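All remarks here apply to the structure that follows.
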Amino acid sequence: MTSLTAFLLTNAAVSAAAFVVLWLISLRLKDVSFIDGWWGLGMALIAFTAAAQTGPTPHGTLLTVLCAVWGLRLGGYLLWRWRRHGPDKRYVEMLTHAREVRGWSFGVSSLLLVFSLQWALQLIVALPVQLGQGVAAPLGPFAWAGASLAMIGILFETIGDAQLVAFKARPENAGKVMDRGLWRYTRHPNYFGDACVWWGLYLISAETGLGLWSLPGPVLITFLLTKGSGVPTVEGSMRKKRPDYEAYVARTSGFVPWFPKATGKSGD
(Lines give C-alpha, C1' and ligand atoms only; values in the text may rest on other atoms or scores of the structure.)
Protein backbone atom coordinates (compact mmCIF):
# COMPACT_ATOMS: atom_id res chain seq x y z
CA MET A 1 0.00 0.00 0.00
CA THR A 2 1.21 3.52 -0.70
CA SER A 3 1.65 5.75 2.34
CA LEU A 4 -1.56 6.07 4.31
CA THR A 5 -1.67 9.85 3.89
CA ALA A 6 -1.30 9.67 0.12
CA PHE A 7 -3.83 6.85 0.00
CA LEU A 8 -6.48 8.80 1.88
CA LEU A 9 -5.76 12.02 -0.02
CA THR A 10 -6.24 10.21 -3.32
CA ASN A 11 -9.62 8.90 -2.16
CA ALA A 12 -10.59 12.39 -1.01
CA ALA A 13 -9.47 13.97 -4.29
CA VAL A 14 -11.40 11.53 -6.48
CA SER A 15 -14.49 11.99 -4.35
CA ALA A 16 -14.10 15.80 -4.41
CA ALA A 17 -13.82 15.79 -8.20
CA ALA A 18 -17.10 13.89 -8.44
CA PHE A 19 -18.79 16.33 -6.09
CA VAL A 20 -17.58 19.31 -8.12
CA VAL A 21 -19.08 17.81 -11.27
CA LEU A 22 -22.36 17.19 -9.45
CA TRP A 23 -22.35 20.73 -8.08
CA LEU A 24 -21.94 22.11 -11.61
CA ILE A 25 -24.87 19.99 -12.72
CA SER A 26 -26.96 21.36 -9.85
CA LEU A 27 -26.25 24.91 -11.02
CA ARG A 28 -27.89 24.11 -14.34
CA LEU A 29 -30.82 22.28 -12.75
CA LYS A 30 -31.24 24.71 -9.83
CA ASP A 31 -31.90 21.62 -7.75
CA VAL A 32 -29.61 19.67 -5.42
CA SER A 33 -32.02 16.89 -4.46
CA PHE A 34 -30.27 14.29 -6.61
CA ILE A 35 -27.32 14.44 -4.18
CA ASP A 36 -29.12 11.94 -1.95
CA GLY A 37 -28.67 9.39 -4.71
CA TRP A 38 -24.94 10.05 -4.67
CA TRP A 39 -24.69 9.10 -0.99
CA GLY A 40 -24.54 5.41 -1.81
CA LEU A 41 -22.95 5.74 -5.24
CA GLY A 42 -20.21 7.99 -3.86
CA MET A 43 -19.40 5.46 -1.14
CA ALA A 44 -18.98 2.82 -3.83
CA LEU A 45 -16.67 5.15 -5.75
CA ILE A 46 -14.51 5.62 -2.66
CA ALA A 47 -14.37 1.85 -2.12
CA PHE A 48 -13.30 1.21 -5.73
CA THR A 49 -10.74 4.02 -5.58
CA ALA A 50 -9.26 2.53 -2.41
CA ALA A 51 -9.20 -0.98 -3.88
CA ALA A 52 -7.52 0.25 -7.07
CA GLN A 53 -4.65 1.65 -5.02
CA THR A 54 -4.02 -1.44 -2.90
CA GLY A 55 -4.76 -4.28 -5.27
CA PRO A 56 -7.11 -7.18 -4.55
CA THR A 57 -7.10 -8.73 -1.08
CA PRO A 58 -9.73 -10.95 0.58
CA HIS A 59 -10.93 -8.27 3.00
CA GLY A 60 -10.67 -5.48 0.45
CA THR A 61 -12.61 -7.38 -2.19
CA LEU A 62 -15.36 -8.31 0.28
CA LEU A 63 -15.63 -4.71 1.48
CA THR A 64 -15.72 -3.32 -2.05
CA VAL A 65 -18.33 -5.77 -3.32
CA LEU A 66 -20.65 -5.30 -0.35
CA CYS A 67 -20.31 -1.52 -0.46
CA ALA A 68 -20.99 -1.54 -4.21
CA VAL A 69 -24.11 -3.71 -3.84
CA TRP A 70 -25.40 -1.46 -1.07
CA GLY A 71 -24.46 1.78 -2.83
CA LEU A 72 -25.83 0.89 -6.25
CA ARG A 73 -29.13 -0.30 -4.81
CA LEU A 74 -29.60 2.71 -2.56
CA GLY A 75 -28.32 5.23 -5.10
CA GLY A 76 -30.55 3.88 -7.84
CA TYR A 77 -33.59 3.91 -5.58
CA LEU A 78 -33.04 7.48 -4.38
CA LEU A 79 -32.41 8.78 -7.91
CA TRP A 80 -35.62 7.06 -9.05
CA ARG A 81 -37.47 8.68 -6.16
CA TRP A 82 -36.05 12.11 -7.05
CA ARG A 83 -37.11 11.76 -10.69
CA ARG A 84 -40.56 10.62 -9.61
CA HIS A 85 -41.25 13.23 -6.93
CA GLY A 86 -39.08 16.20 -7.91
CA PRO A 87 -37.11 18.57 -5.65
CA ASP A 88 -36.81 17.65 -1.98
CA LYS A 89 -38.57 20.24 0.21
CA ARG A 90 -35.83 19.99 2.85
CA TYR A 91 -33.21 21.24 0.42
CA VAL A 92 -35.51 23.87 -1.04
CA GLU A 93 -36.20 25.28 2.43
CA MET A 94 -32.52 25.16 3.42
CA LEU A 95 -31.31 27.03 0.33
CA THR A 96 -34.18 29.52 0.47
CA HIS A 97 -33.29 30.30 4.09
CA ALA A 98 -29.63 30.80 3.13
CA ARG A 99 -30.63 33.21 0.39
CA GLU A 100 -33.11 35.20 2.46
CA VAL A 101 -31.18 35.31 5.75
CA ARG A 102 -27.54 35.22 4.66
CA GLY A 103 -27.86 36.64 1.18
CA TRP A 104 -26.08 33.65 -0.37
CA SER A 105 -26.61 32.75 -4.00
CA PHE A 106 -27.80 29.27 -4.99
CA GLY A 107 -24.27 28.34 -6.06
CA VAL A 108 -22.62 29.39 -2.81
CA SER A 109 -25.24 27.93 -0.49
CA SER A 110 -25.44 24.63 -2.37
CA LEU A 111 -21.65 24.29 -2.39
CA LEU A 112 -21.18 25.08 1.31
CA LEU A 113 -24.31 23.58 2.85
CA VAL A 114 -24.87 20.53 0.67
CA PHE A 115 -21.98 19.35 -1.50
CA SER A 116 -19.02 20.21 0.74
CA LEU A 117 -20.76 18.85 3.81
CA GLN A 118 -21.78 15.59 2.18
CA TRP A 119 -18.26 15.14 0.77
CA ALA A 120 -16.76 15.37 4.25
CA LEU A 121 -19.39 13.08 5.76
CA GLN A 122 -18.89 10.49 3.02
CA LEU A 123 -15.16 10.32 3.61
CA ILE A 124 -15.66 9.67 7.33
CA VAL A 125 -18.50 7.17 7.01
CA ALA A 126 -16.56 5.31 4.30
CA LEU A 127 -13.50 4.80 6.52
CA PRO A 128 -14.16 1.04 6.89
CA VAL A 129 -13.97 0.47 3.11
CA GLN A 130 -10.79 2.51 2.98
CA LEU A 131 -8.78 1.32 5.97
CA GLY A 132 -9.76 -2.32 5.52
CA GLN A 133 -7.98 -2.61 2.16
CA GLY A 134 -4.47 -3.86 1.45
CA VAL A 135 -3.99 -6.63 4.02
CA ALA A 136 -3.37 -10.01 2.37
CA ALA A 137 -4.79 -12.20 5.13
CA PRO A 138 -7.55 -14.82 4.91
CA LEU A 139 -11.04 -13.96 6.04
CA GLY A 140 -11.67 -14.77 9.67
CA PRO A 141 -14.73 -15.02 11.92
CA PHE A 142 -15.16 -11.27 12.32
CA ALA A 143 -15.13 -10.78 8.57
CA TRP A 144 -17.75 -13.46 8.01
CA ALA A 145 -19.88 -12.09 10.84
CA GLY A 146 -19.56 -8.61 9.36
CA ALA A 147 -20.48 -9.84 5.88
CA SER A 148 -23.56 -11.57 7.30
CA LEU A 149 -24.62 -8.42 9.17
CA ALA A 150 -24.08 -6.26 6.09
CA MET A 151 -26.15 -8.60 3.92
CA ILE A 152 -28.93 -8.61 6.50
CA GLY A 153 -28.85 -4.82 6.43
CA ILE A 154 -28.99 -4.66 2.63
CA LEU A 155 -31.95 -7.07 2.52
CA PHE A 156 -33.70 -5.30 5.38
CA GLU A 157 -33.61 -1.84 3.82
CA THR A 158 -34.34 -3.18 0.33
CA ILE A 159 -37.46 -4.98 1.53
CA GLY A 160 -38.51 -2.00 3.64
CA ASP A 161 -38.18 0.43 0.72
CA ALA A 162 -40.06 -1.93 -1.60
CA GLN A 163 -42.87 -2.33 0.92
CA LEU A 164 -43.19 1.43 1.33
CA VAL A 165 -43.28 2.05 -2.43
CA ALA A 166 -45.98 -0.60 -2.85
CA PHE A 167 -47.99 0.88 0.02
CA LYS A 168 -47.85 4.41 -1.39
CA ALA A 169 -48.80 3.21 -4.86
CA ARG A 170 -52.25 2.14 -3.67
CA PRO A 171 -54.74 5.08 -3.74
CA GLU A 172 -56.68 3.76 -0.74
CA ASN A 173 -53.57 4.28 1.42
CA ALA A 174 -53.37 8.03 0.79
CA GLY A 175 -52.94 9.85 4.09
CA LYS A 176 -52.42 6.61 6.03
CA VAL A 177 -49.42 5.54 8.06
CA MET A 178 -47.36 2.65 6.74
CA ASP A 179 -47.40 0.12 9.60
CA ARG A 180 -47.20 -3.16 7.72
CA GLY A 181 -44.46 -5.61 6.86
CA LEU A 182 -41.13 -4.59 8.38
CA TRP A 183 -42.66 -1.21 9.25
CA ARG A 184 -44.76 -2.99 11.85
CA TYR A 185 -41.61 -3.79 13.85
CA THR A 186 -39.58 -0.61 13.38
CA ARG A 187 -40.54 2.86 12.23
CA HIS A 188 -37.37 3.05 10.14
CA PRO A 189 -36.38 -0.30 8.58
CA ASN A 190 -34.38 1.53 5.90
CA TYR A 191 -32.27 3.38 8.46
CA PHE A 192 -31.82 0.29 10.62
CA GLY A 193 -30.65 -1.58 7.54
CA ASP A 194 -28.13 1.17 6.76
CA ALA A 195 -26.70 0.98 10.26
CA CYS A 196 -26.36 -2.81 9.99
CA VAL A 197 -24.49 -2.45 6.69
CA TRP A 198 -21.88 -0.07 8.07
CA TRP A 199 -21.37 -1.90 11.35
CA GLY A 200 -20.96 -5.07 9.29
CA LEU A 201 -18.38 -3.40 7.05
CA TYR A 202 -16.60 -2.19 10.16
CA LEU A 203 -16.32 -5.74 11.51
CA ILE A 204 -14.73 -6.85 8.23
CA SER A 205 -12.37 -3.88 8.23
CA ALA A 206 -11.44 -4.20 11.91
CA GLU A 207 -10.12 -7.71 11.32
CA THR A 208 -7.26 -6.22 9.26
CA GLY A 209 -5.86 -4.29 12.22
CA LEU A 210 -5.69 -0.85 10.62
CA GLY A 211 -9.44 -1.05 10.09
CA LEU A 212 -9.96 -0.84 13.85
CA TRP A 213 -9.36 2.89 13.45
CA SER A 214 -12.34 3.21 11.12
CA LEU A 215 -14.76 3.18 14.06
CA PRO A 216 -15.78 6.85 13.50
CA GLY A 217 -17.47 5.68 10.28
CA PRO A 218 -20.23 3.47 11.72
CA VAL A 219 -20.55 5.72 14.77
CA LEU A 220 -21.15 8.76 12.57
CA ILE A 221 -23.69 7.07 10.28
CA THR A 222 -25.58 5.74 13.30
CA PHE A 223 -25.67 9.23 14.81
CA LEU A 224 -26.84 10.79 11.54
CA LEU A 225 -29.57 8.19 11.14
CA THR A 226 -30.90 8.34 14.71
CA LYS A 227 -30.15 11.90 15.84
CA GLY A 228 -29.29 13.93 12.75
CA SER A 229 -30.94 14.18 9.35
CA GLY A 230 -32.59 10.75 9.55
CA VAL A 231 -35.18 9.84 12.18
CA PRO A 232 -35.79 13.36 13.63
CA THR A 233 -36.38 14.93 10.20
CA VAL A 234 -38.72 12.22 8.97
CA GLU A 235 -40.69 11.97 12.18
CA GLY A 236 -41.06 15.74 12.52
CA SER A 237 -42.60 15.84 9.06
CA MET A 238 -44.80 12.79 9.60
CA ARG A 239 -46.27 14.16 12.81
CA LYS A 240 -47.47 17.18 10.86
CA LYS A 241 -48.88 15.27 7.89
CA ARG A 242 -50.30 12.07 9.42
CA PRO A 243 -52.81 12.36 12.28
CA ASP A 244 -52.37 8.67 13.14
CA TYR A 245 -48.61 8.88 13.40
CA GLU A 246 -48.54 9.48 17.18
CA ALA A 247 -50.40 6.22 17.74
CA TYR A 248 -47.93 4.47 15.43
CA VAL A 249 -45.02 5.91 17.44
CA ALA A 250 -46.60 4.71 20.68
CA ARG A 251 -46.77 1.08 19.57
CA THR A 252 -43.77 0.72 17.25
CA SER A 253 -40.04 0.52 18.01
CA GLY A 254 -38.19 3.62 16.93
CA PHE A 255 -35.14 1.96 15.40
CA VAL A 256 -34.20 -1.60 16.40
CA PRO A 257 -36.97 -3.99 15.24
CA TRP A 258 -39.20 -5.37 17.99
CA PHE A 259 -42.73 -6.61 18.40
CA PRO A 260 -45.32 -3.80 18.51
CA LYS A 261 -46.87 -2.84 21.81
CA ALA A 262 -50.47 -3.78 22.43
CA THR A 263 -51.73 -0.21 22.10
CA GLY A 264 -53.34 1.81 19.35
CA LYS A 265 -54.84 0.38 16.19
CA SER A 266 -52.86 -1.75 13.78
CA GLY A 267 -53.12 -1.18 10.07
CA ASP A 268 -52.88 -4.91 9.32
Could you grab me the full set of residues in the stretch 165-192 that are closer than 17 Å to Gly76 by Cα and touching a residue at least 24 places away in the same chain (Cβ under 8 Å)?
-> Asn190, Tyr191
So Thr208 fits all but one of (1) over 23 Å from Arg84 (Cβ atoms); (2) more than 12 Å from the chain's Cα centre (by Cα); (3) without any contact (Cβ under 8 Å) to a residue 24 or more places away in the chain; what number is the exception?
-> (3)
So, first residue crowded, with 24+ Cβ neighbours inside 10 Å in the stretch 55-78, second residue outside any helix (DSSP H, G or I) and among the small types (Gly, Ala, Ser), Cβ within less than 8 Å, six or more apart or across chains; the pairs are His59/Gly132; His59/Ala137; Gly60/Gly132; Gly60/Gly134; Leu63/Gly132; Cys67/Ala126
Scan Gly76, Gly60, Gly40 and give me the residue that is in contact with a Leu (Cβ under 7 Å, 6 or more places away or on another chain) and assigned to a helix (DSSP H, G or I).
-> Gly40
Are there any pairs, at least 6 apart or on different chains, whose C-beta atoms fall under 7 Å, with the first in the stretch 117-140 and touching a residue at least 40 places away in the same chain (Cβ under 8 Å) and the second surrounded by fewer than 17 Cβ atoms within 10 Å (Cβ to Cβ) and in a loop (DSSP other than H, G, I, E, B), and if so, which?
-> Gly134/Met1; Val135/Gly209
Those residues of the stretch 120-155 which are surrounded by fewer than 20 Cβ atoms within 10 Å (Cβ to Cβ) and within 20 Å of Gln53 (Cβ to Cβ) amount to Leu123, Ile124, Val135, Ala136, Ala137
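Out of Leu41, Leu29, Leu45, which single residue is without any contact (Cβ under 8 Å) to a residue 60 or more places away in the chain and loosely packed, with under 13 Cβ neighbours inside 10 Å?
Leu29
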Kindly indicate whether Val135 is in a helix (DSSP H, G or I) and of a type in the set (A, V, I, L, M).
-> no
Residue among Ser253, Ser214 that alone is within 18 Å of the chain's Cα centre (by Cα) and modelled with pLDDT of 90 or more | Ser214
Pick from the stretch 142-155, criterion of a type outside the set (Val, Ile, Thr) and without any contact (Cβ under 8 Å) to a residue 60 or more places away in the chain, ranking: farthest from Gly193 (Cα to Cα) = Trp144
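The values are calculated or read from the model by the stated rules, or taken from the named source; none is laboratory data. These numbers were taken from a predicted model, which means no experiment stands behind them. Glycine gets a Cβ as well: all are built from the backbone with ideal geometry, and neighbour counts include every protein chain shown.
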